[in-house]
Amino acid sequence: MSELIPLEQVRAAVLAAIEPLPPVETSREDAHGLVLAGEITATEPVPPFANTAMDGYAVRAADTDDASADAPVRLHVVDELPAGRAPRTPVGAGQAIRIMTGAPIPEGADAIVMVENTAPDGADGVLVRRAAAEGDHIRQAGGDLTAGQAVFSPGVVLTAAHLGVLASLDIQKLRAHPRARVGVLSTGDELVAAGPLTPGKIRDSNRPMLLALVQEAGADAIDLGIAVDDEDLITRTIEHALSTCDVVLTSGGVSVGDYDYVKAALDRLGHLEWRQVAIKPAKPLAFGIIRGTPMFGLPGNPVSSLVSFELFARPAILLRMGHRARFRREVHAVAAHDFRRRRDGKLHLDRVVVEWRDGQFVATSTGAQESNVLSATAAANALALIPDGDGVTAGDQITVMLLDGPADH
Ligand code: AMP
Ligand code: MG
């Protein structure tokens with residue numbers, strides 16, 4: 001039996017071999033979730049002009065100095081100004097303009113009185129019940145961003161709010177690392193995609209699962225279908241995948257079964273490392289860069305496939321897309337019950353549900369931990385990292401890797 005290699009060592013070797021995809025010009029509409037590769041500088045101030053933060057009246061603050069609830073000051077309303085319209089009337093002494101949130105500050109005005117502190121007075125008057133100070137409720141031009149200001153730097157992951165800022169600056173194109181195209185191939189004579197089963201057959205659960213995991217990672221998932229256990233067919237399918245994808249994932253055929261043709265096919269295409277990782281589940285992993293494309297041979301058992309994706313393929317896909325934070329968030333949680341295990345030289349990754357309870361995370365097993373029991377994994381939102389040894393006791397603190405949320409480090 002070949003040597004068990006610690007998880008961190010395998011992961012470091014995998015990631016060290018992977019290059020980010022070179023940045024390309026990208027339209028803003030396609031940029032959600034991508035990693036920015038160029039500097040973004042504001043070419044205009046945001047907001048572009050001074051405007052009001054409140055519905056109310058544009059006034060000269062000095063005119064309201066003596067205003068109070070008991071002795072309101074009457075101003076002459078000379079115009080009204082909704083958002084979206086250029087001012088046409090200045091505010092003179094003793095005058096006010098009815099103004100709506102977002103409308104430009106008219107010439108002469110230096111404060112806004114909130115409508116709540118006023119009352120209409122006749123057809124063309126307003127009573128101001130509170131003194132305004134200069135600048136009240138005025139959003140200055142460039143108060144958010146000034147022209148020439150550095151806004152976003154390379155490495156930023158473009159979220160919804162980033163896209164909003166880019167739109168406010170009229171930035172339609174930017175340089176970003178492209179979305180990786182990730183091919184997913186299932187292998188095995190026993191697999192059928194859908195429909196009734198004949199004896200010996202099972203349905204291919206890995207491909208739909210891995211395609212969804214790829215999408216969740218923000219990459220484009222390319223369905224490469226099922227390849228039966230035929231060395232030539234697998235070779236041709238993977239050859240095509242390597243030339244059209246940025247990362248290729250296969251599942252099945254990486255253990256030591258007699259009919260594992262994936263290994264033979266991959267060995268024909270280039271050099272892959274066949275590793276036995278010191279973890280349970282997901283011990284076998286094949287990885288290599290073939291013709292410039294990272295290629296992962298994930299284990300066939302569905303739970304192992306998912307765990308292997310989480311530990312190796314997902315960080316690799318994120319790195320390919322230029323992400324600096326690639327790993328799932330790890331937090332401390334309290335074990336809700338004993339997590340018993342035997343010493344076997346491996347880190348165990350138990351499927352658990354982690355809940356926030358009374359100011360701490362609590363981890364509870366989702367049930368059967370065999371590597372073929374995918375239903376228990378479906379109920380999990382985290383992997384509990386149980387180090388080699390006898391396990392942990394209820395109430396002990398354990399480390400859990402959260403399987404949702406953005407990358408953390
Ligand atoms: P292998 O690594 O090919 O020896 O497969 C290990 C186990 O995983 C076997 O029980 C296979 O039937 C199962 N398996 C392999 N690929 C898939 C798949 N795509 N969907 C569901 N089970 C699979
Ligand atoms: Mg197989």
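The values are calculated or read from the model by the stated rules, or taken from the named source; none is laboratory data. Keep in mind the model is a prediction, meaning the values are calculated, not measured. A quick note on method: Cβ atoms are made from the backbone with ideal geometry, for glycine too, and the neighbour counts reach across all protein chains shown. Note: accessible area is taken over every heavy atom of the protein model, side chains too, but ligands, DNA and RNA are not part of it. Shrake-Rupley method; radii C 1.70, N 1.55, O 1.52, S 1.80 Å.
Would you call Ala133 surrounded by fewer than 17 Cβ atoms within 10 Å (Cβ to Cβ), in contact (Cβ under 8 Å) with a residue 40 or more places away in the chain, over 22 Å from the mean Cα position of the chain (by Cα) and not assigned by TED's automatic domain parsing to the domain that holds Arg28? Before the answer, list the steps.
Values: surrounded by fewer than 17 Cβ atoms within 10 Å (Cβ to Cβ): yes; in contact (Cβ under 8 Å) with a residue 40 or more places away in the chain: yes; over 22 Å from the mean Cα position of the chain (by Cα): yes; not assigned by TED's automatic domain parsing to the domain that holds Arg28: yes.
In short, yes.
Among (1) closer than 30 Å to Pro406 by Cα; (2) open to solvent by 70 Å² or more (accessible area, probe 1.4 Å); (3) in contact with an Asp or Glu (Cβ under 7 Å, 6 or more places away or on another chain), there is one condition Leu21 misses while meeting the rest; what is its number?
(2)
Of everything in the stretch 209-227 that's surrounded by fewer than 15 Cβ atoms within 10 Å (Cβ to Cβ) and either within 11 Å of ligand 2 (Cβ to nearest atom) or in a helix (DSSP H, G or I) (or both), which residue is farthest from the chain's Cα centre (by Cα)?
Per the criteria, the residue is Ala212.
Do we find that Arg314 is more than 16 Å from ligand 1 (Cβ to nearest atom), touching a Leu at 6+ places or on another chain (Cβ under 8 Å), closer than 27 Å to Lys346 by Cβ and open to solvent by 10 Å² or more (accessible area, probe 1.4 Å) in this structure?
yes
Quick one: Trp274 ticks every box in (1) on the phi < 0 side of the Ramachandran plot; (2) outside any helix (DSSP H, G or I); (3) within 14 Å of ligand 1 (Cβ to nearest atom); (4) open to solvent by less than 40 Å² (accessible area, probe 1.4 Å) except a single one, so which number is it?
(4)
I'm checking my understanding of the structure. Among residues of the stretch 142-182 that are open to solvent by less than 20 Å² (accessible area, probe 1.4 Å) and more than 20 Å from the chain's Cα centre (by Cα), which one is nearest to ligand 2 (Cβ to nearest atom)?
Going through the qualifying residues, I end up with Leu169.
Looking at this structure, is Ala264 assigned by TED's automatic domain parsing to the domain that holds Ala193 and either within 15 Å of ligand 2 (Cβ to nearest atom) or not in a helix (DSSP H, G or I) (or both)? Lay out the reasoning, then the answer.
Numbers: assigned by TED's automatic domain parsing to the domain that holds Ala193: yes; either within 15 Å of ligand 2 (Cβ to nearest atom) or not in a helix (DSSP H, G or I) (or both): yes.
Yes; evaluated as a whole, the condition is true for this residue.
Given the conditions (1) assigned by TED's automatic domain parsing to the domain that holds Glu29; (2) surrounded by 13 or more Cβ atoms within 10 Å (Cβ to Cβ), report the number of the one that Leu185 does not fulfil.
(1)
Enumerate the pairs (first residue in the stretch 13-26 and over 16 Å from Val247 (Cβ atoms); second residue anywhere and modelled with pLDDT of 95 or more and open to solvent by less than 20 Å² (accessible area, probe 1.4 Å)) with beta-carbon separation below 7 Å, excluding pairs fewer than 6 apart on the same chain, so at least 6 apart or on different chains.
Listed pairs, sorted by first residue: Pro23/Ala176; Thr26/Leu34; Thr26/Leu174; Thr26/Ala176.
Taking the condition out of contact with any Lys or Arg (no Cβ under 7 Å at 6 or more places or on another chain), outside the structural domain of Glu216 (by TED's automatic domain parsing) and outside any loop (DSSP other than H, G, I, E, B), does Ala12 pass? Give the derivation first.
Numbers: out of contact with any Lys or Arg (no Cβ under 7 Å at 6 or more places or on another chain): yes; outside the structural domain of Glu216 (by TED's automatic domain parsing): no; outside any loop (DSSP other than H, G, I, E, B): yes.
No.
Does Arg314 satisfy the criteria of being closer than 21 Å to Gly300 by Cβ and more than 16 Å from ligand 2 (Cβ to nearest atom)? Walk me through it before giving the result.
Working: closer than 21 Å to Gly300 by Cβ: yes; more than 16 Å from ligand 2 (Cβ to nearest atom): yes.
Criteria met by Arg314.
Within the set of pairs 6+ apart or on separate chains, which have a first residue in the stretch 294-307 that is outside any helix (DSSP H, G or I) and open to solvent by 10 Å² or more (accessible area, probe 1.4 Å), a second that is near ligand 1 (Cβ under 10 Å from one of its atoms) and of a type in the set (Ser, Thr, Tyr), and C-beta atoms under 6 Å apart?
From residues that are outside any helix (DSSP H, G or I) and open to solvent by 10 Å² or more (accessible area, probe 1.4 Å), the pairs are Gly300/Ser251; Asn301/Ser371.
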